[in-house]
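All remarks here apply to the structure that follows.
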Amino acid sequence: MEAFDLIVIGGGPGGYLAAERAAQGGLKVCLFEKRALGGVCLNEGCIPTKTLLNSAKLYRHATESENFGVKSENVTFDHAQVIKRKAKVVKTLVGGVGMTMSANKVNVVSAPAAVNGRQDGKFKVSAEGKDYFADRLILALGSEAVVPPIPGVKEGVESGFVMTNREILDETQLPKTLAVIGGGVIGLEMACYFASVGVKVTVIEMMPKIAGPTDNDICKVLQSEYEKRGMVFKLSAKVLSVKPGAVVYEDKDGQHECPCDKVLLSVGRRAATKNAGLESIGVEMNRGAIVTDDTLATTVPNVWAVGDCNGKLMLAHTAYREAEVAVNNILGKKDRINYNSIPSVIYTDPEVASVGYTKEAAEKAGMKVKEVNVPMMYAGRYVAEVDGGKGFCKIVLDTDKNRVVGVHLVGSYASEMILSAAMMVDTELPPERLKKFVFPHPTVCEVIREAIFKL
Ligand code: NAI
């Protein structure tokens with residue numbers, strides 16, 4: 001009988017970090033991964049999209065920097081090279097995860113695994129005809145792209161005309177026209193890449209605004225910046241069908257066709273919990289996701305679920321923290337996660353980053369709030385580096401409790417600035433204390449300081 005202290009199923013950010021931390025804590029750990037270590041984040045999500053977006057940014061800098069005194073001629077963009085470089089970046093990082101697993105003596109099994117009930121008081125996990133046993137389980141099963149039952153979508157996926165985040169990252173030829181179904185995080189990041197390198201992009205979104213729960217003013221800035229670059233938005237638009245060469249949708253003006261060479265389907269993701277054998281141990285589920293509490297415990301003792309498969313906040317950094325919380329609890333150190341102070345970033349150009357409540361969400365939750373909005377132009381570095389940018393920083397203060405409950409940024413470096421905002425939200429320090437922090441000058445981050453002084 002091959003027995004472990006802990007079996008982790010899924011080798012994405014939640015799974016591999018859980019395995020690493022548990023092994024460092026002295027447990028004998030076995031990790032199962034059916035595709036590649038690193039999961040969606042490393043292989044077909046966060047990391048590959050950032051390599052693409054950086055190439056797009058370099059291209060835009062090369063072609064749009066005359067005002068900055070940089071004139072260039074005959075600049076070309078080689079998408080196939082971008083994809084080649086992306087593959088190299090992914091290979092390096094996936095290799096790094098593998099080395100970390102061996103350095104920590106985690107037993108990695110590259111096979112699809114499923115929970116298979118219990119035997120002799122231990123959980124049984126089966127993979128490729130072999131059984132493995134453990135006292136505890138961490139489920140880190142990840143998520144998969146939602147493929148809605150819209151007529152023609154399934155056939156489109158089969159023929160390669162319709163792509164999800166997975167296929168689009170391996171496409172070596174740039175389409176001339178791209179229809180993006182779903183103007184959420186994935187749709188916008190990919191639309192930003194393709195529009196920046198000359199592809200005619202149309203975003204078809206069923207809601208009246210893009211970027212889901214993001215602050216409304218930020219959504220407006222993002223949309224207008226994109227429209228300037230020739231991107232077209234069809235909002236409050238219902239996709240009726242997909243047929244070869246076009247997406248058929250309906251809005252208040254009637255039925256339309258959006259002709260396109262390729263379609264990106266980015267209408268959300270769902271927990272990948274099918275075929276994992278969870279029914280064999282009776283874990284409680286909610287609409288396909290595993291139910292967990294704030295220690296990441298499931299309803300079955302000694303079984304935890306971290307990352308996208310618990311359906312809470314589908315972000316790699318959430319999975320990291322969840323992994324640590326679960327392992328700490330396994331090792332006897334009490335720990336809980338605070339989902340309210342987890343930042344989120346949309347890596348578009350301009351970047352969007354936020355943490356905590358928007359004004360509307362805070363009011364809906366019954367808080368009395370004050371919101372301040374400071375243009376990024378207040379920061380000297382922003383003016384020096386960005387020509388006429390429309391970036392801003394909003395801070396939402398709970399006036400009863402005198403603490404910051406939300407920060408929302410759009411503009412350069414937003415992704416790098418949001419951590420300081422997340423710390424403000426997490427530590428619940430009052431504005432009087434926040435005013436004493438010294439921000440380096442000149443940095444764009446000083447806009448946060450300016451906003452604090454306006455609270
Ligand atoms: P999403 O939930 O962010 O956006 C999906 C969008 O599709 C929504 O705006 C929705 O209204 C729209 N939609 C749904 N059905 C539709 C239909 N039939 N026709 C037109 N529009 C439709 O989901 P997305 O972009 O697929 O991302 C999935 C997950 O991955 C998210 O949870 C996100 O947080 C995560 N992610 C995070 C990133 C980041 O942190 N930078 C990057 C990429 C993904």
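The values are calculated or read from the model by the stated rules, or taken from the named source; none is laboratory data. Since the structure is predicted, the reported quantities are computational estimates derived from the model, not experimental observations. Here Cβ is always computed from backbone atoms with ideal geometry, including for glycine, and neighbour counts include all displayed protein chains. To get the accessible areas, we keep the full protein, side chains included, count just its heavy atoms, and leave off ligands, DNA and RNA. Shrake-Rupley method; radii C 1.70, N 1.55, O 1.52, S 1.80 Å.
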Point to revise | Unmet criterion (only one of (1) within 30 Å of GLU363 (Cα to Cα); (2) open to solvent by 40 Å² or more (accessible area, probe 1.4 Å); (3) in contact with a helix residue (DSSP H, G or I) (Cβ under 9 Å, 6 or more places away or on another chain)) for ASP215 | key: (2)
Check your understanding: In the stretch 233-247, how many residues are out of contact with any Gly (no Cβ under 8 Å at 6 or more places or on another chain) and surrounded by 17 or more Cβ atoms within 10 Å (Cβ to Cβ)?
Key -> 5
Practice item. Taking ALA276 as the residue in question, decide whether it is open to solvent by less than 20 Å² (accessible area, probe 1.4 Å), more than 12 Å from the ligand (Cβ to nearest atom), touching a residue at least 40 places away in the same chain (Cβ under 8 Å) and not in a strand (DSSP E or B). Key: yes
Check your understanding: With respect to ASN402, is the statement that it is surrounded by fewer than 22 Cβ atoms within 10 Å (Cβ to Cβ) and assigned by TED's automatic domain parsing to the domain that holds PRO431 true?
Key -> yes
Practice item. May I ask you to say which residue of ILE452, ILE395, ILE448 is on the phi < 0 side of the Ramachandran plot, buried (at least 17 other Cβ atoms within 10 Å of the Cβ) and in contact with an Asp or Glu (Cβ under 8 Å, 6 or more places away or on another chain)? Key: ILE395
Review point. What residue, among those in the stretch 293-345 that are closer than 19 Å to GLY277 by Cβ and without any contact (Cβ under 8 Å) to a residue 24 or more places away in the chain, is farthest from the ligand (Cβ to nearest atom)?
Key: PRO301
Review point. What number of residues within the stretch 227-243 satisfy the criterion of being more than 14 Å from THR348 (Cβ to Cβ) and either touching a strand residue (DSSP E or B) at 6+ places or on another chain (Cβ under 8 Å) or near the ligand (Cβ under 10 Å from one of its atoms) (or both)?
Key: 11
Review point. If you go through the stretch 104-124 one residue at a time, how many are open to solvent by 30 Å² or more (accessible area, probe 1.4 Å) and more than 18 Å from GLY14 (Cα to Cα)?
Key: 7
Revision key, fill the gap. Taking the stretch 296-343 and keeping residues of a type in the set (S, T, N, Q) and either more than 16 Å from LEU17 (Cα to Cα) or under 21 Å from the mean Cα position of the chain (by Cα) (or both) leaves THR298, THR299, ASN302, ASN310, THR318, ASN338, ASN340, SER341
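Results for (1) out of contact with any Phe, Trp or Tyr (no Cβ under 7 Å at 6 or more places or on another chain); (2) closer than 30 Å to LYS274 by Cα, shown as yes or no for each residue.
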| position | (1), (2) |
| --- | --- |
| ARG35 | yes, yes |
| CYS41 | yes, yes |
| ILE47 | yes, yes |
| LEU53 | no, no |
| LYS57 | yes, no |
| HIS61 | yes, no |
| PHE77 | no, no |
| LYS91 | yes, yes |
| PRO112 | yes, yes |
Exercise for review: Filter the stretch 125-158 for residues that are at positive phi and surrounded by fewer than 16 Cβ atoms within 10 Å (Cβ to Cβ) and give the result.
Suggested key: GLU128, GLY129
Study note, to complete from the structure: Counting only residues that are open to solvent by less than 40 Å² (accessible area, probe 1.4 Å) and not in a strand (DSSP E or B), the stretch 248-267 contains a total of 2
Review point. Does at least one position in the stretch 357-367 carry a residue that is at pLDDT 95 or above, in contact with a helix residue (DSSP H, G or I) (Cβ under 6 Å, 6 or more places away or on another chain) and outside the structural domain of VAL291 (by TED's automatic domain parsing)?
Key: no
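Conditions tested, residue by residue: (1) in the same structural domain as ILE218 (by TED's automatic domain parsing); (2) farther than 24 Å from SER224 by Cα; (3) loosely packed, with under 14 Cβ neighbours inside 10 Å; (4) more than 24 Å from the chain's Cα centre (by Cα).
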position	(1), (2), (3), (4)
TYR382	no, no, no, yes
GLU385	no, no, no, yes
VAL410	no, no, no, no
LEU434	no, yes, no, yes
PHE437	no, yes, yes, yes
**Study point:** Single condition ILE168 does not satisfy, out of (1) in contact with a strand residue (DSSP E or B) (Cβ under 6 Å, 6 or more places away or on another chain); (2) open to solvent by 30 Å² or more (accessible area, probe 1.4 Å); (3) of a type outside the set (Phe, Trp, Tyr)
**Key:** (2)
Revision key, fill the gap. Filtering helices (runs of 4 or more DSSP H) wholly in the stretch 124-224 for at least 1 residues that are touching a residue at least 40 places away in the same chain (Cβ under 8 Å), aromatic (Phe, Trp, Tyr) and within 16 Å of the ligand (Cβ to nearest atom) gives 185-196
Exercise for review: Look at the stretch 279-291 and say how many of its residues are in contact (Cβ under 8 Å) with a residue 40 or more places away in the chain and either touching a Gly at 6+ places or on another chain (Cβ under 8 Å) or among the basic types (Lys, Arg) (or both).
Suggested key: 3
**Study point:** Criterion: assigned by TED's automatic domain parsing to the domain that holds ASN116, more than 15 Å from the ligand (Cβ to nearest atom) and modelled with pLDDT of 95 or more - qualifying residue of GLY14, GLY69
**Key:** GLY69
Practice item. Kindly provide the set of residues from the stretch 322-342 that are open to solvent by 30 Å² or more (accessible area, probe 1.4 Å) and closer than 19 Å to TYR357 by Cβ, ordered by number. Key: ASN338, TYR339, ASN340
Check your understanding: Among the residues of the stretch 308-316, is there at least one that is among the basic types (Lys, Arg) and closer than 17 Å to HIS408 by Cβ?
Key -> no
